[in-house]
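Scroll down for the structure; my scribbles are underneath it.
Values in this text are rule-based calculations from the coordinates and carry no lab data. As the structure is a computational prediction, the values presented were derived from the model and not from experiment. Virtual Cβ from ideal backbone geometry, glycine too; neighbours counted across all protein chains shown.
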Amino acid sequence: MSVKGTLFTTEAGCILLEDHETIVSSRKFEKPLEEFTAISKGEAGPELAAFVKEAVASGVAPISVESTMIGAFASWGLPVEQTEDSFLDKLRSDKTGLMIRAGLVSSEAEAREAVRKVALAAAEAKIREMSTSVDLQVIQSVQALDEVDKTVNGFASRLKEWYGLHFPELGAYTSETSTYAKIVLAGDRNSLTVDQLKEMGLAEDRAEKILSAAARSKGGAIRPEDLAVTKKLAEEVLRLDSLRVNLASHVESTMLKMAPNISSTAGATVGARLIAKSGSLARLAQMPASTIQILGAEKALFRAMKTGSRPPKHGILFQHPDVHSAVKWERGRVARVIAGKIAIAARIDAYRGGEESNLAEALKRRLQELKSKPRKEPPPKTEEPRRNRRENRRKRW
Amino acid sequence: MKTEENVGDQSIIWAQSGREKWPATLNLVPGIYAYGEKVVKHDGSEYRVWNPFRSKLAAALLNGLKRLPFRKGSSILYLGVSTGTTASHISDIIGEEGVLYGVEFAPRVAREFVENIARHRLNVVPIVDDARHPERYGLVASRVDLVYVDIAQPDQTEIAVRNCISYLKANGDLLLVVKAPSIDVTKNPQEIVENESEKIVESGFHILQIIKLEPFDSAHWLIHAKKKG
């Protein structure tokens, strides 16, 4: 004859009850953390599984378990059903008492310590697991890239101002930061030679122009000690610039591996910024296209929602070449189309993986279509009276 | 100058901080501090000053919360424990016989909570999980005296109520922080608070107090409710 049983799991071990009160058997977990982690995922670890199988073999059936655990046991063909909520509640409220009576722990203090220890270890394990994902690496690298970029630009413009006292014409001939810094390192404008400049990768005619500009320069003389510090700054600019290049290629290669479809639709760097803004690839994948379109323009969006002014057309997506190269009145539409494809791309990258070549092509085709049907510049918007504006916008939405 | 409930309780005092009087709690783990808080000595014991600009519960105390709905030995479920600033002071007050289950889902802040608070305090149990799924952490928590919710989500009240159904004792307390702009930026904050308290009442609670947290936190309220028996 079989008896009905109830399984109650605790951090220290599991308990089998009969008739809603008698403790029939219990098992103290040897590896409580492993068992607990499995249970919180709705799975049964080896010790719990062995305990339940043993109980069934000894004639206890069906066994009622917590709702989250039914799947795990049922899939092994074990006779399980759900513990009634009211009974489970009763068990939980007397958890410590049960743990002591079942011999899992010897005192209340020990029971609390067992619970805490397992929870602490589980929390640490979970944090470790959540800190391992590749998107966190991409997020950090793209944010580092943006910060280094900002720093390089600041230092570079300082360098141009400073060395510009000595050789103001140089800026007009070299727009690239690293080339400019290399010329500063070469030193006094009057000591420059064509060979030196060619070694830096400049074309001969460009080099000639720079030299002739140096010869008729309006800049002042520079003292050797001033030039020495300026050179130090130039060195730093070069170093940071190479770090920037390094970071950019790291972002690019990681993105191509981790999110090939986002990379092909948004571009690797813009895609990485979108992931950073949303928090993770999984979160981006759960966002609607309309949110992706304005990600990074939260301030403008909330202002629009509050005051009824016009909502933003693009956030981070403004950095997408097709958006910022479009004429002003087309940008909203271009951003919307791109955001739509990115939303699909993110879902593929997050859930299925693999590159979907159609996606980038479809986007390209659609953008081409937009370009081939340009719209005329709309007449300037007349501002509606502020009081009505909010209501009117609401209706339009 | 003590709240009614805590008269005779040595774990909370009022301390002079600059020109203001702020609460301070008896440090459960002397020598270990949670967030760079000020420390004062009183009767030879170490008290940590409870900064109302950092903790909404302290702000509520200063703005007229009639009683702290917990004391020595209380059990508490805290959703959105973040780095554990408020939790550390609650932990001081409930003492070694009490227990605080701190739920936080964001790994970055959960890391600090575990590192700076949970590891040092034997009455704190960390749970790194989503407060939207109370059934998941069923293993850890049994019924508690108080559910404290500070999660800044549009559906925070629903989440709070679901957790109360699973884990709050009859006649237990609920403290709910309402951050109006997180619920709906377009609506008038006052309206939102009324809305949220209505939801709580419909779910079987009495509202005891609604406290505005200005000037410490703008557009924030704390709702104190009690579950009907």
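A few comments on the model shown:
- Peptide A:85-97, shielding by other chains (average Cβ, 10 Å cutoff): 2
- J(HN,Hα) series, segment A:327-343, from Karplus relation 6.51 cos²θ - 1.76 cosθ + 1.60, nearest Hz, glycine and proline x: 5, 3, 7, 9, 4, x, 5, 4, 4, 5, 5, 5, 4, x, 6, 5, 4
- Lysine pair count for segment A:136-250 [Cα-Cα under 17 Å; pairs on different chains or 8 or more apart]: 11
- Listed by chain and number, the lysines placed with their C-alpha closer than 27 angstrom to that of A:K4 are A:K28, A:K41, A:K53, A:K90, A:K95; residues fewer than eight positions away on the same chain are left out.
- Counting only residues at least eight positions apart within a chain, or on another chain, the aspartates and glutamates with an alpha carbon under 17 Å from that of A:K371 are A:D322, A:E330, A:E361.
- Nearest-0.05 FRET efficiency for A:A109 and A:D19, computed from C-beta distance (R0 25 Å): 0.25
- Taken one residue at a time, the phi angles of segment B:119-136 give Karplus couplings (6.51, -1.76, 1.60, θ = phi - 60°) of 5, 8, 10, 6, 9, 10, 10, x, 10, 8, 7, 8, 5, 5, 10, x, 5, 5 Hz. Gly and Pro are set to x.
- The GluC sites (Glu not before Pro) found in segment A:2-60 that occupy coil by DSSP, while having at most 13 further C-beta atoms within 10 Å, are A:E21, A:E30.
- Projecting the Cα positions of B:H133, B:G80, B:A110 onto the charge dipole of segment B:44-152 (unit charges on Cβ atoms of Lys, Arg, Asp and Glu, taken about the Cα centre) puts B:G80 furthest along the positive direction.
- With a 10 Å cut-off around each Cβ of B:124-131, the average count of Cβ atoms from other chains is 5.
- Gain upon complete extension [A:D205, A:T291; 0.36 nm per residue less C-alpha separation]: 26.0 nm
- Net charge contributed by nearby residues that have their C-beta within less than 10 Å of A:V334 (K/R +1, D/E -1): +4
- Taking the Cα centre of segment A:259-378 as reference, the dipole from Cβ charges on Lys and Arg (+1) and Asp and Glu (-1) amounts to some 580 debye.
- Length released on extending from A:A186 to A:W329, taking residue separation times 0.36 nm less the Cα-Cα span: 46.8 nm
- With the simple model of a label 7 Å out from the Cα in the direction of the Cβ, B:D9 to A:F87 spans 3.8 nm.
- Converting phi to 3J(HN,Hα) with the Karplus coefficients 6.51, -1.76 and 1.60 and the offset θ = phi - 60°, segment B:193-207 yields 4, 4, 4, 5, 5, 4, 4, 5, 4, 4, 8, x, 10, 9, 8 Hz in sequence order, with x at every glycine or proline.
- Considering only A:F87, B:L175, A:A248, and ranking their Cα positions along the charge dipole of the protein assembly as shown that arises from unit charges at the beta-carbon of Lys, Arg, Asp and Glu, the one farthest toward the positive end is A:A248.
- Model label points for A:A57 and A:S309, set 7 angstrom from Cα along the Cα-to-Cβ axis, are 7.4 nm apart.
- Electrostatic dipole magnitude of segment A:1-138 [Cβ: Lys, Arg +1; Asp, Glu -1; Cα centre; debye, to 20]: 220
- Charge-dipole axis of chain A as Lys and Arg at +1 and Asp and Glu at -1 on Cβ define it, positive-most pick from A:F167, A:G308, A:S263: A:G308
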